[in-house]
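Report on the following structure.
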Amino acid sequence: MKENFIQVKEDNIQRFRFKDKFGKETNCVLEFDMEDIEMPLKINKSNFEHKKNMQWIKNQFVIIEKKDNGKQEGLISWKQAQQINAMKEFYKREIEILDLVIGEGKTNEILKDVMHRKPYYSMFEDINELLKPIIPLLKNATDDVINKVKQKYGKQEQSDVLE
């Protein structure tokens with residue numbers, strides 16, 4: 001039996017590799033589809049969700065502070081244990097928020113392989129700092145796609161447009 005093949009054209013995927021703080025190349029690779037028109041929406045949602053999460057953790061600490069501390073058992077007090085649990089939830093949410101933009105599981109990969117750290121309070125800002133060179137490329141790519149659509153379909157007569 002003879003097989004026929006269809007060749008897929010080259011994609012418009014940009015791949016970015018990381019070096020750790022020691023200058024050692026890592027296996028961490030981020031891939032971005034430069035024609036993903038939803039990327040700016042994902043970035044906006046990520047920033048919005050991060051701000052909400054920051055407010056959530058502040059509220060949690062206020063609530064915990066208002067409660068009676070109870071008796072201390074072991075190394076930390078009840079309030080400290082509640083604060084630690086709130087921070088764990090905060091970190092979990094931050095990871096999900098970052099993964100919206102960079103891909104599922106990629107935040108943990110960056111933390112482990114690139115930063116050699118566990119989740120921490122300012123990881124959102126630090127990972128965004130790492131992504132700074134990528135963001136303008138994504139914005140330009142989005143602008144390019146929008147312009148291509150305008151050029152291709154923007155010359156229609158008004159009577160061609162459905163209401």
If I require 20 Å or longer along the helix axis, counting alpha carbons, and a Kyte-Doolittle average no lower than -0.5, what helices from the chain are left? Use full DSSP H segments. 78-102
Calculate the length of the line joining the C-alpha centroid of the stretch 117-153 to that of the stretch 38-91, in whole Å. 27
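Values in this text are rule-based calculations from the coordinates and carry no lab data. Note that the structure is predicted; figures quoted are calculated from it, not measured.
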